[in-house]
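This report concerns only the one structure given below.
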Amino acid sequence: MIDGLVSGVLPAEWWTTIARLSNLAAAALFIVGIKMLGSPATARRGNWLAAVGMAMAIGVTLLDRSAVNYGALLATLVAGSVIGLIAAKRVAMTDMPQMVGLLNGLGGAASALVAAAEYWRIVNTGAPVPTDTAVTVIAGLLIGGITLTGSFMAFAKLQGLVTGAPITFPLQQPVNFSLLLGFVVSGAYLLIHPGDLTVLWLLTGISLVQGVLVVLPIGGADTPVVISLLNSLSGLAASAAGFVLGNEMLVIAGALVGASGLILTQIMCKAMNRSLTNVLFGAFGSVSTATGDGGSGDAGSHTVRSIDPEECAMMLGYARSVAIVPGYGMAVAQAQHAVRELADQLERLGVDVRYAIHPVAGRMPGHMNVLLAEANVPYTQLCDLDDINPDFERVDVALVIGANDVVNPDARDNPQSPIYGMPILEVDRAKHTIVIKRSMNPGFAGLDNALFYEDKTMMLFGSAKEKVSELVASVKELS
Amino acid sequence: MSETLVTGLVVFVLASFVGFEIINKVPPTLHTPLMSGANAISGIAVVGAILAGGAAQLSGPTILGLVAVVLAMVNVVGGFWVTDRMLQMFKK
C-alpha cells in the first residue's frame with residue numbers, strides 16, 4: 001500500500017505539511033491558469049496549467065492516509081473520466097450551453113454529496129457533530145442541491161425537453177417562500193438536535209425541489225444569466241464542501257469559480273439591462289405586455305422593403321465596409337460556415353468585413369464567438385458592442401442574420417418598450433441595413449422591431465442558411 | 001466559531017477578491033471557455049469525494065463519496081477537455 005509506504009518513510013506531521021504545500025501549489029496553478037484564460041494568446045496554456053493543478057490535488061489526496069480503498073477509488077475515477085471525455089469529445093459547439101449546464105449540475109451534486117457524506121460519517125462514529133460542521137453541511141446541501149436540479153432544469157429548457165417559455169403557477173412566490181422557510185426551520189432543528197439523519201435527507205429534498213422551482217419561471221432568453229449564476233453556485237458549493245472538510249484548497253478553488261461566475265452574471269444582466277432579481281423573479285416574456293408597435297416613430301407607415309439575393313449581393317460586393325450581425329437564429333440554422341464563406345468572398349472583392357457580436361447573441365456568455373471560431377472566423381474580426389457601435393456610421397451595409405431584439409432601436413428610443421435601456425447594436429446608424437429573417441415574427445421578447453420598417457432597411461426573407469448560400473453564389477459572380 | 005472556520009472564511013474572502021481581480025477584464029470572446037474552464041476547477045470537490053469515499057470499509061457515507069468521485073471526475077475531465085477543444089479553434 002502506498003499509504004503504508006508514505007507513512008513508513010515520513011513522519012505523519014511531515015506528510016501533512018507536504019500535502020498542504022502541494023495544495024497551495026495547486027491553488028496557485030488555478031489562479032495563474034484562470035488569469036491566463038483571460039487572453040486569447042495564453043488561454044490554452046492557462047487551461048492546461050489549471051488541469052495540472054487539478055491532477056496534483058487529486059494525486060496528493062490519493063496518498064492521504066484516509067484514502068485506502070484504492071480499487072473502488074480507481075474504478076470511480078476512471079469511470080468519471082471516461083464519461084467526461086466522451087461527452088467533451090462528442091458535444092457540438094451549438095450545444096455548449098447544455099454541456100456547461102450539465103457539468104455545473106454534476107459539480108454541485110458532488111459537493112452536496114461530500115457534505116452529506118461527512119455529516120453521515122460523523123454521526124456513524126457516534127461522536128457529537130460540531131455546530132460549525134453542521135452549519136457548513138447545511139449550506140453545502142442547499143447550494144449544491146439547488147445547483148444540481150437548477151442546472152438540469154436549465155439543460156431541459158435549452159434542449160427543448162421543457163418549454164423555453166417561463167412556467168408560472170398560482171401562488172408561486174408563496175410556495176417558494178414556504179419551502180425556504182421550511183429549509184430554515186429544518187436546518188435550525190438539525191442544529192439543536194444534531195445527528196438526526198432524516199432531517200438531513202429532508203433538507204436535501206427541499207434544496208432539490210427549490211432548484212427546479214427557481215429555474216422554472218425563467219424564460220429561454222435569460223439562459224445566459226442562469227447558466228452564469230449556476231456556474232457561480234457550483235463554485236460556492238465546492239467552497240462549502242471545503243468548509244465542511246476544513247480543506248483550504250477547496251475553499252480557494254470554489255471562491256475563484258464563484259467570483260468568475262458572478263462577474264459573468266453581472267455582464268449578462270447589464271447586456272440585457274435587467275437586474276438579477278428581475279431575471280429570477282420577473283418571469284420575463286410570460287406576460288404579453290408587448291404593446292405591438294409601441295409608438296415606434298413611423299407607426300403610420302408600416303411598409304417593409306424586401307430585396308432579392310442578387311440585389312443584396314451587389315450591395316454587399318460594392319460596399320467598402322460590411323458588418324455582419326449574427327444572432328442565435330444563425331446558429332440554429334447552422335449557417336455560420338456559409339456566413340464565413342460569404343465573408344471570404346467579400347474580402348476577395350476588397351470589402352472590409354467585421355462581425356458585430358452582442359453579449360447575449362448566443363445562449364451563454366461568449367457563445368457566438370465560439371460558434372464563429374468553429375467556422376474559422378479569426379477572433380480579430382469579432383467586435384464587441386462598445387467597439388463597433390461608434391463605427392456603424394462608417395459601415396456601408398450591416399447584414400443582420402437571425403438577430404432581432406439586440407438590434408431593435410426601440411430599446412434606445414422608445415421609453416415605453418419593455419426592452420428600453422437594453423444596449424443594442426446600432427445597425428440603424430449604418431448606411432444600409434439588410435435583415436435576413438424567416439418571417440416578420442417577433443423575437444424572444446415578443447416585440448415588433450422598428451428597424452424593419454425603416455427606409456434604409458431591406459428584408460431578405462427566408463432561412464438563414466439558404467439565403468446566405470444564395471448570397472455566396474451571387475457574390476462569387478461579381479468580380 | 002472555531003479556528004478552522006475563521007481561517008476558512010479569511011481564505012474564502014481573500015480568494016474571492018483575487019478571483020474578481022483576475023477575471024474582470026476578460027474579453028467577451030473568451031467568456032465561454034472561461035466559464036467551462038472555471039467549471040472544471042469547481043470539480044475540485046473530487047478531493048473531498050476521494051477522502052469521503054476512500055475508507056477501507058464500505059458504508060453509506062463511503063458510497064456517497066464514491067458516487068461523488070464519479071460525478072466530480074465527469075465535471076473535471078469533461079470541463080478541461082471541452083475548454084481545450086474550444087480554445088484550439090481560436091485563431092488570429
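In the condition set (1) assigned to a loop (DSSP other than H, G, I, E, B); (2) open to solvent by less than 40 Å² (accessible area, probe 1.4 Å), A:Val370 is compliant with all but (1).
Could we say that B:Ile50 is over 30 Å from A:Ala375 (Cα atoms) and facing chain A (nearest Cβ under 7 Å) here?
Working: over 30 Å from A:Ala375 (Cα atoms): yes; facing chain A (nearest Cβ under 7 Å): yes.
Yes: the conditions hold for B:Ile50.
When the residues of the range A:146-176 are filtered to those that are of a type in the set (Ser, Thr, Tyr) and within 29 Å of A:Ala238 (Cα to Cα), which remaining residue is most open to solvent (accessible area, probe 1.4 Å)?
Ranking the qualifying residues of the range A:146-176, first place goes to A:Thr149.
When B:Arg85 is tested against (1) assigned to a helix (DSSP H, G or I); (2) open to solvent by less than 40 Å² (accessible area, probe 1.4 Å), exactly one condition is not met: (2). In the range A:373-399, which residues are under 23 Å from the mean Cα position of the chain (by Cα), open to solvent by less than 10 Å² (accessible area, probe 1.4 Å) and under 24 Å from A:Asp455 (Cα atoms)? The answer is none; no residue qualifies. Checked against the criterion of being open to solvent by less than 30 Å² (accessible area, probe 1.4 Å) and more than 8 Å from every other protein chain (Cβ to nearest Cβ), the range A:70-91 contains not a single residue that satisfies it.
Of all residues in the range A:105-138, those satisfying the criterion of being farther than 18 Å from B:Gly65 by Cα and not in a loop (DSSP other than H, G, I, E, B) are A:Thr131, A:Asp132, A:Val135. Only one of the numbered conditions (1) within 29 Å of the chain's Cα centre (by Cα); (2) open to solvent by 10 Å² or more (accessible area, probe 1.4 Å) is violated by A:Gln416, and that is (1). Here A:Arg20 meets each of (1) in contact with a Leu (Cβ under 9 Å, 6 or more places away or on another chain); (2) part of a helix (DSSP H, G or I) with one exception, condition (1). Could you count how many residues in the range A:42-67 are within 7 Å of another protein chain (Cβ to nearest Cβ) and buried (at least 16 other Cβ atoms within 10 Å of the Cβ)? Looking only at that region, the number is 12.
Listed here are the residues, each with its yes/no results for (1) surrounded by fewer than 20 Cβ atoms within 10 Å (Cβ to Cβ); (2) closer than 15 Å to A:Leu245 by Cα; (3) in contact with a Phe, Trp or Tyr (Cβ under 8 Å, 6 or more places away or on another chain).
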| position | (1), (2), (3) |
| --- | --- |
| B:Glu3 | yes, yes, no |
| B:Gly8 | no, yes, yes |
| B:Phe20 | yes, no, no |
| B:Gly37 | no, no, yes |
| B:Ile63 | yes, no, no |
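The values are calculated or read from the model by the stated rules, or taken from the named source; none is laboratory data. These numbers come from a predicted model, not from an experiment. Neighbour counts run over all protein chains shown; Cβ positions are idealised from the backbone, glycine included. Surface accessibility is based on the protein's heavy atoms, side chains included, excluding ligands, DNA and RNA. Shrake-Rupley method; radii C 1.70, N 1.55, O 1.52, S 1.80 Å.
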